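Engineer: Quick one: structure below, then a few questions.
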Amino acid sequence: MPFSSFFTLAAQNFEMIKGFFQLPKAINEPVKNYAPGSPERTELKAMLNHLQSVQKDIPMVIAGKDVFTDHKIELRQPHKHKHVLGTFSRGTEQHVKDAIDAALAAKSNWEKMTWENRAAIFLKAADLIAGPYRARLNAATMLGQSKNAYQAEIDLQRQFRVGHLNTKGKNVRRHRVVIFPITSGQR
């Protein structure tokens, strides 16, 4: 086989490399201990107070749009049933079909993205979870699942952030996995 034919065949079957990319090594986020008087404990307590003081109406997100229904279901703390955290909209069969259609429509755009861009999305989400959204997500886990600060921290940082997002970014690089979004990403 002539070299030019081999090159043409290779170009048709493999992505052409447009540069050299180095993803960061997946490492465990340090677990905070929330000791009395620590900055993380102060921030978490403030966020717990805030989340308990407001009631959220949580929509479905379909094709990047917030969808509310008149059929609301209350969200209550498992350890304090009288306290309503908020409500969510109960979807119908049509909402399910619309969500599936939106995911399938977004699938082709996701697949066309380079692996570097797909990995960057997961790595950015991991950084947001470890950074500015850490206290909010830990507080929401504590209130919604009756966990203490340490349990919420372990769930969020170890299992979700590093175990899922950073590893998925690494898998995108090594195995070029296709990960399907739930919405079109317009949010």
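Engineer: Of the beta bridges DSSP finds with both residues in the range 30-175, what % are antiparallel, to the nearest 5?
Structural biologist: Counting DSSP beta bridges with both partners in the range 30-175, the antiparallel share is about 75 percent.
Engineer: Can you tally the net charge around residue 95? Count Lys and Arg as +1, Asp and Glu as -1, for every other residue whose Cβ sits under 15 Å from the Cβ of residue 95.
Structural biologist: Summing Lys and Arg as +1 and Asp and Glu as -1 gives -1.
Engineer: Which residues' amide hydrogens lie under 5 Å from the amide hydrogen of residue 76, considering only partners 5 or more residues apart or on another chain, with H built in the peptide plane?
Structural biologist: 85
Engineer: Please tell me the relative contact order of the range 30-175 in percent, rounded to the nearest whole number, where contacts are Cα pairs under 8 Å and at least six residues apart.
Structural biologist: Rounded, it is 27 percent for the range 30-175.
Engineer: Compute the convex hull volume of the Cα atoms of the range 30-175, divide it by the residue count, and report the result per residue in Å³ as a whole number.
Structural biologist: Looking at the range 30-175, the number lands at 132 Å³ per residue.
Read-outs throughout are calculated quantities, based only on the coordinates presented, and are distinct from any laboratory measurement. Because the structure is a prediction, the values reported are computed rather than measured. Positions of Cβ are backbone-derived with ideal geometry, glycine not excepted, and every protein chain shown enters the neighbour counts.
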